[in-house]
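Q: Pasting a structure below so you can have a look.
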Amino acid sequence: MNITNAKFIRGVVGSHNLLVDEKPHIAFIGRSNVGKSSVINMLVNQRKLVKSSSTPGKTQQINFFLIDECCYFVDLPGYGYAKISRKRREKLRKLILWYFVSGEAPIGKACLIVDAKAGLRDFDREMMGVLTEYDIPFVVIANKIDKLNQKNLHRSLVSIQEEIGDWVEVFPISAKSGNGKEKLLKGIFRGVSFPEVEEMDDEIVRD
Ligand SMILES: Nc1nc2c(ncn2[C@@H]2O[C@H](COP(=O)(O)OP(=O)(O)O)[C@@H](O)[C@H]2O)c(=O)[nH]1
Ligand SMILES: [Mg+2]
């Protein structure tokens, strides 16, 4: 499986003008610096589709990328950026929650990205609680596995899986090396339906 076309469509500030049509959203969330931009770029085979930026202003948008004409990758603001005020951070947290709970976004899958070494943090736990409560299918992506040796990686993955339970899949990956990409792509699209474009559906879920 491979994504051949990905393009930036729109950046949305606040809860207005969400991009809603028949195409499902694949939503990416995670704390700042977990490698969210890097993971998306790796998945779409473009080094700079999503700017790997540490500018807090840029992280406040919800960015939509059209993927192979059949779904949107939705890049939500990174949470927890150290250099923004508590008030602004709270605003971002609310925007992220709103996206998931308002029922306005046709979410096919949520992808919660964590740093494999750091494991789950409070924000991740809160997000998992919300996703579970609102019945939004999600996967956990444990990124930066290249920074861990076999033993520590195993330990970390076991502890993440133990905490989230068996029914949520954890995908260990390295956005840096591309390790784990194939499995993750399959996992992301598994169970997502593409109502208006059946033939695309076949294409994208093909092994
Ligand atoms: N070693 C390693 N570094 C990574 C990986 N993914 C991202 N990074 C680095 O982590 C930092 C934050 O990445 P970025 O994609 O901007 O994170 P974001 O804030 O979550 O969007 C950058 O310095 C990346 O080069 C990875 O898989 N392995
Ligand atoms: Mg980013």
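Q: Using DSSP, restrict attention to beta bridges with both residues in the chain and report what percent are antiparallel, rounded to the nearest 5.
A: 40 percent
Q: Below 12 angstrom from the Cβ of residue 125, what's the summed charge of the other residues (Lys, Arg +1; Asp, Glu -1)? Walk me through the numbers before you get to the answer.
A: Working: positive: 31, 121; negative: 122, 124, 126, 163.
The answer is -2.
Q: Of 94/151; 23/183; 87/181; 91/144; 23/117, which ones are farther than 31 Å apart at the Cα?
A: Violating the 31 Å Cα-Cα cut-off are 94/151; 87/181; 23/117.
Q: So, one more: Could you give the dipole magnitude of the stretch 6-188 about its Cα centre, charging the beta-carbon of Lys and Arg +1 and that of Asp and Glu -1, in debye to the nearest 20? Let's see the in-between values first.
A: Working: 29 positive and 19 negative charges, 233 e Å.
Charge dipole, the stretch 6-188, about its Cα centre: 1120 debye, nearest 20.
Q: Quick check: from the Cα gyration tensor, does the stretch 6-188 come out rounded (a/c under 1.5), prolate or oblate?
A: Rounded, since a/c falls under 1.5.
Q: Follow-up. Which residues make up the longest stretch of the chain clear of chymotrypsin sites (Phe, Trp or Tyr not before Pro) that lie in a DSSP loop with no more than 15 other Cβ atoms within 10 Å, not counting the sites? Before the final figure, lay out each step's value.
A: Values: sites that count: 134, 167.
Within the chain, the longest run free of exposed chymotrypsin sites (Phe, Trp or Tyr not before Pro) spans 1-133.
Q: Report the extension gain between residue 190 and residue 152 in nm, rounded to one decimal, defined as 0.36 nm multiplied by the number of residues separating them, less their alpha carbon distance.
A: 10.8 nm
Q: If I model a spin label as a point 7 Å beyond the Cα along the Cα-Cβ vector, how far apart are those points for residue 85 and residue 163 in nm?
A: The answer from the label model is 3.1 nm.
Every number here is computed from the coordinates shown, using simple stated rules; none is lab data. Because the structure is predicted, anything quoted here is derived from the model rather than measured. We place every Cβ from the backbone using ideal geometry, glycine too, and count neighbours over all the protein chains shown.
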